[in-house]
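As structure tokens, the structure follows; a few thoughts come after it.
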Amino acid sequence: MSSYTPAPSDKFTFGLWTVGNIGRDPFGEPVRKPISPVEIVHLLADAGAWGVNFHDNDLVPIDASPAQRDQIVRDFKAALTETGMVVPMATTNLFSDPAFRDGAFTANDPQVRAYALHKTMRAIDLGVECGASTYVFWGGREGVETDAAKNPAEATKRFREAINFLCSYVQDQGYDLRFALEPKPNEPRGDIYLATVGHALAFISTLDSPEMVGVNPEVAHETMAGLNFLHGVAQAWEMGKLFHIDLNDQVVGRYDQDFRFAAVNLKSAFFLVKFLEDVGYNGPRHFDAHAYRTESYDGVKAFARGCMRSYLILKEKARQWNADPAIQALVAEINAGDQTPITYSKESAEALKERDFDRAALGARGMPYEQLDQLTVELLLGVR
Ligand code: GLT
Ligand code: MN
Ligand code: MN
């Protein structure tokens with residue numbers, strides 16, 4: 001039995017904005033005093049995390065002078081060196097400032113679109129300076145409350161132009177950086193463009209440099225859309241597009257909750273962890289979540305530890321599932337028969353057309369999924 005202690009090889013990361021969340025919500029003021037990026041790095045290192053990610057303005061305030069910026073970055077890097085923490089991912093805040101009230105890359109005002117590119121190039125420089133190799137785009141404000149405001153096809157074109165522009169920028173700078181689009185269906189906008197993993201994957205294939213761009217799916221976001229998160233993740237993985245992942249939890253039909261990983265849908269979390277581990281996903285496991293508003297910083301630390309511990313427990317459960325004789329007997333039964341795909345040739349197609357099938361026998365076969373699911377539940381409940 002493992003001790004469920006995080007190791008660097010687990011690649012657990014948190015954003016400055018996650019443990020640094022001060023508990024402001026649309027109905028209430030902050031409940032926790034802000035802590036500095038340096039303090040956050042120490043808190044996360046203490047909790048056992050491997051890395052920390054940030055938006056440009058999580059680290060450097062939007063109105064900082066160049067000298068202040070340099071000092072902040074120096075202090076932050078010193079904290080990274082002191083703790084051994086890394087920065088695998090960075091991103092831009094294109095949603096807090098009033099300038100982005102109508103979006104950034106898709107805003108109707110061309111000056112806002114230009115400012116969004118300006119801000120993102122600078123944020124990319126900052127991210128790369130701190131070691132980031134993945135750059136996330138979450139288009140929180142890229143959307144509308146009314147479709148009177150914007151033609152959604154035009155918005156898609158603007159989004160494409162922006163990502164193409166930024167891919168060229170990264171290539172020109174010679175940065176070793178890949179982009180990951182993070183879909184979300186709504187909140188803070190009434191409707192957000194590129195609403196799901198599927199929308200994003202289709203969009204990527206229309207870019208000038210599609211090989212540079214993948215996705216950053218988030219549990220809560222696909223769940224808000226009523227979708228099966230694992231299915232989106234699996235499709236992205238199968239296409240070589242799972243560049244990053246945001247782990248948290250969410251009750252279907254609620255506001256964007258960003259709960260501790262596995263706090264709500266244990267079984268979905270289990271199948272997600274099992275998938276990532278079985279396929280050998282090697283990227284960061286980023287917890288994009290925050291502690292309940294009720295918590296003090298002790299609670300924040302408990303929250304961060306809980307995310308990682310639950311992941312590791314589920315990883316151990318996945319190992320048990322893969323080694324459980326009764327479960328594996330059912331898995332073998334389900335996958336019986338010659339599973340080799342039929343490759344097309346004129347002859348194989350003709351032969352297949354002529355083949356006799358016992359349709360009644362095919363329809364008479366039951367599948368033992370009830371048993372398999374019950375064994376899974378029992379394993380998760382700890383009685384196997
Ligand atoms: C914001 C959002 C997240 C995104 C972050 C990246 S910021 O908190 O809710 O899902 O991943 O911009
Ligand atoms: Mn979220
Ligand atoms: Mn996220």
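The values are calculated or read from the model by the stated rules, or taken from the named source; none is laboratory data. The model shown is predicted, which means the values in this text are computed figures rather than measured ones. Here Cβ is always computed from backbone atoms with ideal geometry, including for glycine, and neighbour counts include all displayed protein chains. Surface areas here come from the heavy atoms of the whole protein model, side chains and all, with no ligands, DNA or RNA. Shrake-Rupley method; radii C 1.70, N 1.55, O 1.52, S 1.80 Å.
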- Of (1) within 20 Å of the chain's Cα centre (by Cα); (2) open to solvent by 60 Å² or more (accessible area, probe 1.4 Å); (3) over 30 Å from Ala78 (Cβ atoms); (4) not acidic (Asp, Glu), Ala195 fails just (2)
- Index of the failed condition, Ile163 passing every other in (1) within 16 Å of ligand 2 (Cβ to nearest atom); (2) under 12 Å from Phe179 (Cβ atoms): (1)
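Which of the residues belonging to the range 216-245 are among the hydrophobic types (A, V, I, L, M, F, W, C) and either within 16 Å of ligand 1 (Cβ to nearest atom) or within 14 Å of Asp256 (Cβ to Cβ) (or both)? Let's see the steps before the verdict.
Here is the first cut: in the range 216-245, the ones among the hydrophobic types (A, V, I, L, M, F, W, C) are 219-220, 224-225, 227, 229-230, 233-234, 236-237, 239, 242-243, 245.
Within the range 216-245, Val219, Ala220, Met224, Ala225, Leu227, Phe229, Val233, Ala236, Leu242, Phe243, Ile245 qualify.
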- Residues that are open to solvent by 20 Å² or more (accessible area, probe 1.4 Å) and more than 15 Å from ligand 2 (Cβ to nearest atom), drawn from the range 9-19: Ser9, Lys11
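Residue-wise test of (1) within 16 Å of ligand 3 (Cβ to nearest atom); (2) at pLDDT below 95; (3) outside any strand (DSSP E or B); (4) over 30 Å from Asp10 (Cβ atoms).
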{"site": "Asn93", "(1), (2), (3), (4)": "yes, no, yes, no"}
{"site": "Ser96", "(1), (2), (3), (4)": "yes, no, yes, yes"}
{"site": "Ala99", "(1), (2), (3), (4)": "no, no, yes, yes"}
{"site": "Gly103", "(1), (2), (3), (4)": "no, no, yes, yes"}
{"site": "Ala107", "(1), (2), (3), (4)": "no, no, yes, yes"}
{"site": "Tyr115", "(1), (2), (3), (4)": "no, no, yes, yes"}
{"site": "His118", "(1), (2), (3), (4)": "no, no, yes, yes"}
{"site": "Met121", "(1), (2), (3), (4)": "no, no, yes, yes"}
{"site": "Asp125", "(1), (2), (3), (4)": "no, no, yes, no"}
- Considering each residue of the range 275-308, count those that are hydrophobic (A, V, I, L, M, F, W, C), under 16 Å from the mean Cα position of the chain (by Cα) and over 19 Å from Tyr4 (Cβ atoms), and give that number. 1
- Task: Output the number of the condition that Lys267 fails; it satisfies all remaining conditions of (1) open to solvent by 30 Å² or more (accessible area, probe 1.4 Å); (2) within 16 Å of ligand 3 (Cβ to nearest atom); (3) not polar (S, T, N, Q).
- Result: (2)
- Query: If Val41 passes every condition in (1) under 18 Å from Asp288 (Cα atoms); (2) in a loop (DSSP other than H, G, I, E, B); (3) of a type outside the set (Gly, Ala, Ser) but one, which one does it miss?
  - Reply: (2)
- Among the residues of the range 23-38, which ones are assigned to a loop (DSSP other than H, G, I, E, B), surrounded by 14 or more Cβ atoms within 10 Å (Cβ to Cβ) and of a type in the set (A, V, I, L, M, F, W, C)? Val31, Ile35
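Can you tell me which residues in the range 206-232 are within 14 Å of Cys167 (Cα to Cα) and open to solvent by 30 Å² or more (accessible area, probe 1.4 Å)? Walk me through how you get there before you give the answer.
Applying the first criterion (within 14 Å of Cys167 (Cα to Cα)) to the range 206-232 yields 206-214.
Correct list: Thr206, Asp208, Pro210, Glu211.
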- Pairs returned, first residue in the range 114-127 that is under 10 Å from Ala90 (Cα atoms), second residue that is small (Gly, Ala, Ser) and open to solvent by less than 50 Å² (accessible area, probe 1.4 Å), beta-carbon separation under 8 angstrom, 6 or more apart or interchain, are Ala123/Ala90; Ile124/Ala90; Leu126/Ala90; Gly127/Ala90
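Looking at Ala67, Ala79, can you tell me which residue is small (Gly, Ala, Ser), touching a helix residue (DSSP H, G or I) at 6+ places or on another chain (Cβ under 6 Å) and not in a loop (DSSP other than H, G, I, E, B)? Reasoning before the result, please.
Details: Ala67 fails: touching a helix residue (DSSP H, G or I) at 6+ places or on another chain (Cβ under 6 Å).
Just one listed residue meets the conditions, Ala79.
Does Gly131 fit the bill of being closer than 30 Å to Pro8 by Cβ, assigned to a loop (DSSP other than H, G, I, E, B), more than 16 Å from ligand 2 (Cβ to nearest atom) and under 20 Å from the mean Cα position of the chain (by Cα)?
On the way: closer than 30 Å to Pro8 by Cβ: yes; assigned to a loop (DSSP other than H, G, I, E, B): yes; more than 16 Å from ligand 2 (Cβ to nearest atom): yes; under 20 Å from the mean Cα position of the chain (by Cα): yes.
Answer is yes for this residue.
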- (1) within 20 Å of the chain's Cα centre (by Cα); (2) open to solvent by less than 60 Å² (accessible area, probe 1.4 Å) all hold for Arg178 apart from (2)
- Considering only residues that are assigned to a helix (DSSP H, G or I) and touching a helix residue (DSSP H, G or I) at 6+ places or on another chain (Cβ under 7 Å), look in the range 279-305 and name the one that is farthest from ligand 1 (Cβ to nearest atom). Val279
- Query: Name the residues in the range 239-255 that are under 14 Å from the mean Cα position of the chain (by Cα), farther than 18 Å from Phe203 by Cβ and in a loop (DSSP other than H, G, I, E, B), would you?
  - Reply: Ile245, Asn248, Gln250
- Filter result (in contact with a helix residue (DSSP H, G or I) (Cβ under 8 Å, 6 or more places away or on another chain) and among the small types (Gly, Ala, Ser)) within the range 89-126: Ala90, Ser96, Ala99, Gly103, Ala104, Ala107, Ala116, Ala123
- Message: If I filter the range 142-166 down to residues being among the charged types (D, E, K, R) and more than 10 Å from Tyr193 (Cβ to Cβ), which single residue comes out as least open to solvent (accessible area, probe 1.4 Å)?
- Response: Arg160
- Would you mention how many residues in the range 29-68 are without any contact (Cβ under 8 Å) to a residue 24 or more places away in the chain and not polar (S, T, N, Q)? 10
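Quick one: which residue in Gly139, Gly103 is under 22 Å from the mean Cα position of the chain (by Cα) and open to solvent by 10 Å² or more (accessible area, probe 1.4 Å)? Full working, then the answer.
Values: Gly103 fails: open to solvent by 10 Å² or more (accessible area, probe 1.4 Å).
Testing whether each residue is under 22 Å from the mean Cα position of the chain (by Cα) and open to solvent by 10 Å² or more (accessible area, probe 1.4 Å) leaves just Gly139.
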